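J.: If you scroll down you'll find the structure; I have some questions about it.
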């Protein structure tokens with residue numbers, strides 16, 4: 001009997017050691033109340049920005065769009081840029097935070113970085129890279145930020161990306177896919193709209209079409225953002241043959257808080273008003289560029305060429321994370337009344 005117990009104990013020990021440890025995987029965007037507030041959180045920017053776990057505990061950040069995944073030029077391999085965020089992302093998820101992993105961003109001429117859909121010329125290799133990175137970050141939420149002119153005009157890369165995502169969805173069925181594209185007050189320009197069409201033609205259903213409403217060269221960013229969302233929803237309905245009025249639920253919006261690259265201002269009042277519009281119209285997603293910039297300018301730098309890479313540049317901001325707090329509060333207020 002004693003030997004039998006030893007044998008049984010040994011067998012149980014072997015079984016336990018052979019059982020894989022369950023990973024703490026991020027919740028899906030599909031399961032969260034809308035609109036989701038998920039600002040960009042990147043590996044560069046103001047060093048005063050709290051870590052993701054600390055932002056969760058101290059500032060109420062519950063979702064973040066982490067960026068950006070780009071490739072080593074000419075290689076189907078990611079740069080090491082996001083490596084520093086892996087541990088933070090996993091700790092954030094373990095606390096209950098939700099991660100949306102972003103590939104792309106503004107690269108320009110591919111000297112040090114290249115967009116993955118251009119660096120990876122084989123669809124299967126591109127799919128493997130995307131899947132591997134998602135598993136590394138313990139999330140099934142993915143965004144593709146497609147904004148460089150040379151990428152917008154690359155129809156082969158658009159087709160390859162869409163085909164690769166379809167392959168990834170075969171092994172990750174709950175993959176939540178966001179396409180992020182620059183907009184005008186009239187919605188998506190032709191080149192950006194072609195990216196959505198390429199996704200449809202590859203059999204890919206985009207979960208969220210998110211519009212960058214920054215650097216539009218307009219005097220009123222708030223009103224232009226509203227019209228961009230409305231027009232973009234109609235375009236999405238047309239491309240996918242959706243019922244009229246249903247496209248709004250798949251829209252996202254991404255303003256640049258404070259001062260944008262062209263000097264237009266999107267202050268706290270505008271951010272709150274857009275949050276009200278987003279919540280009342282039931283859009284899916286409200287992000288902004290960026291959590292790392294959500295800091296006030298110092299009193300000594302006001303009106304003297306503000307560093308908008310590390311601050312919002314908005315004169316009405318007095319505390320860090322104030323844009324995030326105001327946007328989140330406005331959305332919660334509308335949600336509480338529904």
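J.: Helix 190-201 versus the longest principal axis of the chain: what is the Cα-based angle in degrees, 0 to 90, to the nearest 10?
T.: Rounded to the nearest ten degrees, it is 30.
J.: Quote to one decimal, in nm, the extra length available between residue 333 and residue 95 on full extension: 0.36 nm per residue of separation minus the C-alpha distance between them.
T.: Numbers: separation 238, 0.36 × 238 = 85.68 nm, distance 2.42 nm.
That pair, residue 333 and residue 95, stretches by 83.3 nm at full extension.
J.: When only Cα pairs under 8 Å and 6 or more residues apart are kept, what is the percent relative contact order across the chain?
T.: On the way: 658 pairs, mean separation 55.8, N = 338.
That works out to 16 percent.
J.: While we're looking at this one, here's another question. Give me the percent of DSSP beta bridges within the chain that run antiparallel, rounded to the nearest 5. Walk me through the numbers on the way to the answer.
T.: Working: 5 of 37 bridges.
Roughly 15 percent of the beta bridges in the chain run antiparallel, per DSSP.
J.: Taking only Cα atoms, what is the 0 to 90° angle, nearest 10, from helix 2-18's long axis to the longest principal axis of the chain?
T.: Compared with the principal axis, the helix lies near 30 degrees.
J.: What residue among 84, 51, 24 has the largest mean-square fluctuation in a Gaussian network model of the chain, using Cα springs under 10 Å?
T.: 84
J.: Could you work out the equivalent-ellipsoid semi-axes for the stretch 222-309, taking the square root of 5 times each eigenvalue of the Cα gyration tensor, largest first, in whole Å?
T.: 31, 12, 10
J.: GNM on the chain, C-alpha springs below 10 Å: top fluctuator among 110, 35, 255?
T.: Of the options given, 110 has the highest mean-square fluctuation.
J.: Then there is this: Tell me the mean residue ellipticity at 222 nm calculated for the chain from its helices only (DSSP H runs of n ≥ 4, each -39500 (n - 2.57), averaged over every residue, nearest 500).
T.: Values: 11 runs with 134 residues, N = 338.
Taken over the chain, the calculation gives -12500 deg cm²/dmol.
J.: Same structure, new question: Taking just the alpha carbons, could you work out the radius of gyration and Dmax for the stretch 28-337, both in angstroms?
T.: Rg and Dmax of the stretch 28-337, Cα atoms, are 18.2, 54 Å.
J.: Let me ask you something else. May I ask for the angle, rounded to the nearest 10°, between helix 322-337 and the longest principal axis of the chain, with both axes built from Cα atoms and the value confined to 0 to 90°?
T.: 80 degrees
J.: Which of these, 220, 310, 292, has the largest mean-square fluctuation under a Gaussian network model of the chain (Cα springs below 10 Å)?
T.: Comparing 220, 310, 292 in a Gaussian network model of the chain, the most mobile one is 220.
J.: Using Cα-Cα distances under 8 Å and only pairs 6 or more residues apart, what relative contact order does the stretch 196-338 have, in percent?
T.: For the stretch 196-338, the relative contact order is 22 percent.
J.: In what sequence, highest mean first, do 59-72, 112-125 appear when ranked by Cβ atoms within 10 angstrom? Walk me through the numbers before you get to the answer.
T.: On the way: 59-72: 22.5, 112-125: 19.5.
Per-residue Cβ counts within 10 Å, averaged per peptide and sorted highest first, yield 59-72, 112-125.
Only the coordinates and a few stated rules stand behind these numbers; no lab work does. Note that the structure is a prediction, hence the values are computed from the model and not measured. With ideal geometry, Cβ positions are generated from the backbone for all residues, glycine too; neighbour counts draw on all protein chains shown.
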